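Undergrad: So that we are looking at the same thing, I have put the structure below in structure tokens.
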Amino acid sequence: MSDVEFPSDEIRDGISQHMANVHLSIDEANRKYKEKERRFNYTTPTSFLELIQFYKGLLGRKRGVIDDQIGRLEQGLNIMQRTTERVDLLRKELDIKMVDVEHEKVKTNELIDIVGEESNIAEKEEGVAKIQEEETIKIANAAKECKAAAETELEAAIPAMERAENAVNCLSKDAIVEFKGFAQAPNGAEQVTNACLIMVKGEKNKKNLTWPKGQLMMKDPTKFLQSLYDFDKDGIRDDTLALLKPILELDFFNYETMMKKSNAAANLCNWIINIIEYNRIFRNVEPLRASAKEAEDLATVKTAELKIVQDKVAEIVAKVNELKEQLRAAEEKLNFVNGQAESLKRNLDLASRLVNGLSDENVRWKNNVLTFKEENLTMIGNALVSAAFVSYIGPFNAAYRKELWTETWLPDIKACKIPITEGVDPLYVLSNAA
């Protein structure tokens, strides 16, 4: 047993003595067992050596489990200690920071009062200048409204132009090749090529508005697609629009109906419809553009007159803006320091609760460490009686077993002053959590 660590040599000697007593007690138990039960049981020196080896192994395993639990708890206690120290440091930092926050709040409030007074003075001066400015601006605004009306009308044409461009983009050379490859145009689809002949080729003779002419127009798909991209959407002639009108009024001349006949026909139809819609809006915008030009000329004259007033107002506005910027910065700083104050208060509250929570856990874990250390000591005796139980007690019946370990071995362990748990059950020591 010299290679096993014990608290004292006295305990080591007691263990050795007890093992010898256990071995000898089996001889007496064998004699009684033979007399009463007529059954034989034998012990040998090997049995004694097995007791020693099993005890050392069992004690080592049990101590290892207990030491692991103690190690994890002590590691947790060390973390708790470091956390508590950090929380104490945080509390000191918060106290210092709160002083700084109160100082900044006083400074910011003083600045807000100053900026507020100066801003009120500047706003009054600006109001006087604004009266003159507003009278001059009315004329300029009228010109802007006229121009804006023209631009609004023109903007309405943009979606139509985009739809037309998308229709062309959806066309592929393969789709054109497939479309022109029909021996006869799908029912109604020839009206699409007729409209293209009128627009792209400038065809005025209705006799030439035929499917073969349309096929000839699409003979080179690349060239045909490029002609659609290059089409002058702003300069469509009145006679061209007159020729297109009856085609556009056909109830089947739309993207959805044509899509049932041909992809190419549908996209060409969509291109024609949206190009004509764009041109219609563009024509309406031209008179508005002329009116806007006259209004802008008048606004140019009035703007020169306005310049004198604007210079005066600009000087006042610059002063007001500078004061407002100072006020904005002051308010931002006040909000910032107020936010800091609230954040620090929350942190302080969380820190206090954390410390209190850690304090409870600290006490509980310290008590657990003491309990495990006590268990580590009593495991010397617990493992000893359990090892004897395994090594010797197997051949006996239940009554003899109980008599041996409760009436012979346990009293001897106490007599040898070996630490042991009161009322220990060897089966409990030998079992595990599983």
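The values are calculated or read from the model by the stated rules, or taken from the named source; none is laboratory data. Please read all numbers here as calculations on a predicted model, not as lab measurements. Glycine also receives a Cβ, built like all others from the backbone with ideal geometry; neighbour counts cover every protein chain displayed.
Undergrad: Which one of these does residue 253 not meet: (1) assigned to a helix (DSSP H, G or I); (2) in contact (Cβ under 8 Å) with a residue 60 or more places away in the chain; (3) not basic (Lys, Arg)?
TA: The number of the failed condition is (1).
Undergrad: Pick out the one residue from 393, 380 that is among the aliphatic types (A, V, I, L, M), buried (at least 17 other Cβ atoms within 10 Å of the Cβ) and modelled with pLDDT under 80.
TA: 393
Undergrad: In region 376-425, which residue that is part of a loop (DSSP other than H, G, I, E, B) and free of Cβ contacts under 8 Å to residues at least 12 places away in the same chain is nearest to residue 45 (Cα to Cα)?
TA: This residue is 394.
Undergrad: Taking region 256-279, which residues are among the hydroxyl-bearing types (Ser, Thr, Tyr) and part of a helix (DSSP H, G or I)?
TA: 257, 278
Undergrad: In this structure, does residue 209 turn out to be more than 23 Å from residue 158 (Cβ to Cβ) and hydrophobic (A, V, I, L, M, F, W, C)?
TA: Taking the combined requirement at face value, the residue satisfies it.
Undergrad: Of the conditions (1) among the polar types (S, T, N, Q); (2) surrounded by fewer than 16 Cβ atoms within 10 Å (Cβ to Cβ); (3) assigned to a helix (DSSP H, G or I), residue 184 satisfies every one except a single condition; which number is it?
TA: Here residue 184 meets the rest and fails (3).
Conditions tested, residue by residue: (1) closer than 22 Å to residue 163 by Cβ; (2) of a type in the set (A, V, I, L, M); (3) modelled with pLDDT under 90.
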{"position": "185", "(1), (2), (3)": "no, yes, no"}
{"position": "202", "(1), (2), (3)": "no, no, no"}
{"position": "209", "(1), (2), (3)": "no, yes, no"}
{"position": "212", "(1), (2), (3)": "no, no, no"}
{"position": "224", "(1), (2), (3)": "yes, no, no"}
{"position": "237", "(1), (2), (3)": "no, no, no"}
{"position": "242", "(1), (2), (3)": "no, yes, no"}
{"position": "247", "(1), (2), (3)": "yes, yes, no"}
{"position": "260", "(1), (2), (3)": "yes, no, no"}
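Undergrad: Quick one: count up the residues across region 221-236 that are among the aliphatic types (A, V, I, L, M) and under 13 Å from residue 276 (Cβ atoms).
TA: 1
Undergrad: Identify, from the list 284, 270, the residue that is among the polar types (S, T, N, Q), over 15 Å from residue 141 (Cβ atoms), surrounded by 15 or more Cβ atoms within 10 Å (Cβ to Cβ) and at pLDDT 75 or above.
TA: Answer to the check: 270.
Undergrad: Would you point out which residue out of 36, 32, 56 is under 21 Å from residue 405 (Cα atoms), within 60 Å of the chain's Cα centre (by Cα), part of a helix (DSSP H, G or I) and not β-branched (Val, Ile, Thr)?
TA: Going through 36, 32, 56 in turn, the sole match is 56.
Undergrad: Go through (1) surrounded by 14 or more Cβ atoms within 10 Å (Cβ to Cβ); (2) modelled with pLDDT of 75 or more; (3) not basic (Lys, Arg) one by one and return the number of the condition residue 64 breaks.
TA: The one condition residue 64 does not meet is (1).
Undergrad: If you don't mind, another one. Yes or no: region 193-206 includes at least one residue that is among the acidic types (Asp, Glu) and closer than 29 Å to residue 283 by Cβ.
TA: Scanning region 193-206, I find at least one residue that is among the acidic types (Asp, Glu) and closer than 29 Å to residue 283 by Cβ, so the answer is yes.
Undergrad: Oh, and also: Is it the case that residue 282 is under 50 Å from the mean Cα position of the chain (by Cα), within 22 Å of residue 162 (Cα to Cα) and in a helix (DSSP H, G or I)?
TA: For residue 282, the condition - under 50 Å from the mean Cα position of the chain (by Cα), within 22 Å of residue 162 (Cα to Cα) and in a helix (DSSP H, G or I) - is met.
Undergrad: Does residue 111 count as at pLDDT below 75 and hydrophobic (A, V, I, L, M, F, W, C)?
TA: So residue 111 fits the description; yes.
Undergrad: For the structure I just gave you, tell me whether residue 371 is surrounded by fewer than 16 Cβ atoms within 10 Å (Cβ to Cβ), assigned to a helix (DSSP H, G or I) and not hydrophobic (A, V, I, L, M, F, W, C).
TA: Yes; evaluated as a whole, the condition is true for this residue.
Undergrad: Out of 82, 61, report the one residue that is without any contact (Cβ under 8 Å) to a residue 24 or more places away in the chain, under 35 Å from the mean Cα position of the chain (by Cα) and part of a helix (DSSP H, G or I).
TA: The conditions single out 82.
Undergrad: What do you reckon, is residue 54 aromatic (Phe, Trp, Tyr), out of contact with any strand residue (DSSP E or B) (no Cβ under 6 Å at 6 or more places or on another chain) and within 15 Å of residue 418 (Cβ to Cβ)?
TA: For residue 54, the condition - aromatic (Phe, Trp, Tyr), out of contact with any strand residue (DSSP E or B) (no Cβ under 6 Å at 6 or more places or on another chain) and within 15 Å of residue 418 (Cβ to Cβ) - is not met.
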